[in-house]
1. Less than 12 Å Cβ to Cβ from R2, Lys/Arg counted +1 and Asp/Glu -1: what total charge do the surrounding residues give?
2. For a quick check of understanding: with a 1.4 angstrom probe and all protein chains in place, what accessible area in square angstrom does I101 have, to the nearest ten?
3. Can you pull the Rg over Rh of the stretch 1-49, Cα-only, Kirkwood?
4. May I ask you to give the percent of accessible area on the stretch 64-221 that is carbon plus sulfur, with a probe radius of 1.4 Å?
5. Taking 35 Å as R0, compute the FRET efficiency from the Cβ-Cβ separation of D107 and D55 and round it to 0.05.
6. Counting other C-beta atoms within 10 Å, and keeping those with at most 10, which DSSP coil GluC sites (Glu not before Pro) do you find in the stretch 143-251?
7. How much accessible area per residue does the chain have, in Å², with a 1.4 Å probe?
8. Which residue fluctuates the most in the chain, going by a Gaussian network model with Cα springs under 10 Å, if the choices are G94, G56, G76?
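The values are calculated or read from the model by the stated rules, or taken from the named source; none is laboratory data. A quick note: this is a predicted structure, and the numbers were derived from the prediction, not measured. Backbone-built Cβ (ideal geometry, glycine too); neighbour counts: all protein chains shown. Accessible surface is based on the protein model in full, side chains and every heavy atom, while ligands, DNA and RNA are left aside. Shrake-Rupley method; radii C 1.70, N 1.55, O 1.52, S 1.80 Å.
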Amino acid sequence: MRRKFIAGNWKMNKTNQEAIELVEGLVKELSGIDSVDIVVCPPFTALSDVKDVIDGSNIALGAQNMYFKEKGAFTGEISPLMLKDIGCEYVILGHSERRGIFGEKSDLIEKKVISAFDHGLTPILCVGETLSEREAGDTFKVVEGELRNELKSLSKEQMKKVVIAYEPIWAIGTGKSATSSDAKEVIDFIRKILADMFDDNVKDAVRILYGGSVKPDNISSFMKEETIDGALVGGASLKVDSFSAIVKGAL
Ligand code: 13P
């Protein structure tokens, strides 16, 4: 049985005071829920303050990105050692905004995935197609390429721990989510590729989330698909009410 997983990607939002207020509200609202893994991914600047608030609660900490090296002359970057030291358990890698706006390619993302494991962090790897790729019929080709290039050097045991988020780029921040059957179709395909790259145990163990305009009123449509294990939530993770309602909608 795969455990359900709901993560909030706060992106470049929240000052430290705002982050503390948001997460204090979440701790209160979500206390006692133990059947879903709940993760918040604040900006780097708020990780430490958020960690202080969630300590001892049922909410875990994730970062939104990292570089793959431990330390050195990499101005502006954050290392896995720093994230681990501050109490992160998860790190989002390969988000479409990193790929699209900041030009991250598969070879870099693969190095980050390996480095996350080397430092005891669990990667949440995002994959997904643009609108033009979908319209050209290339969705499966794009997603398969990302999976094969970025996960190829992991062991089966490592792979079972990876969390994959299928985030069609045309559904991110647009208010236009994929339908649950669109999401299921691609997520089933991802499981098929994992079975081919690894084995059926891996295929059945990996948690795969949907992301893209997830809201309180559509979460249940995704969760009723047996193959979808949860959601990576952007905009709706920025308010106590909406993120709590999404977590509760996944129970
Ligand atoms: P939205 O929920 O705002 O569409 O963002 C999704 C996302 O990119 C999560 O990583």
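1. Numbers: positive: R3, K4, K160, K161, R191, K203, R207; negative: D37, D204, E226, D229.
Net charge in that neighbourhood comes out at +3.
2. 120
3. Numbers: Rg = 11.9 Å, Rh = 11.8 Å.
Over the Cα atoms of the stretch 1-49, Rg/Rh equals 1.01.
4. Values: 3600 of 7080 Å².
Looking at the stretch 64-221 in its full context, I get 51 percent from C and S.
5. Values: r = 37 Å, r/R0 = 1.05.
The computed FRET efficiency comes out at 0.45.
6. Answer in residue order: E226.
7. Details: 11100 Å² over 251 residues.
Per-residue value: 44 Å².
8. G76
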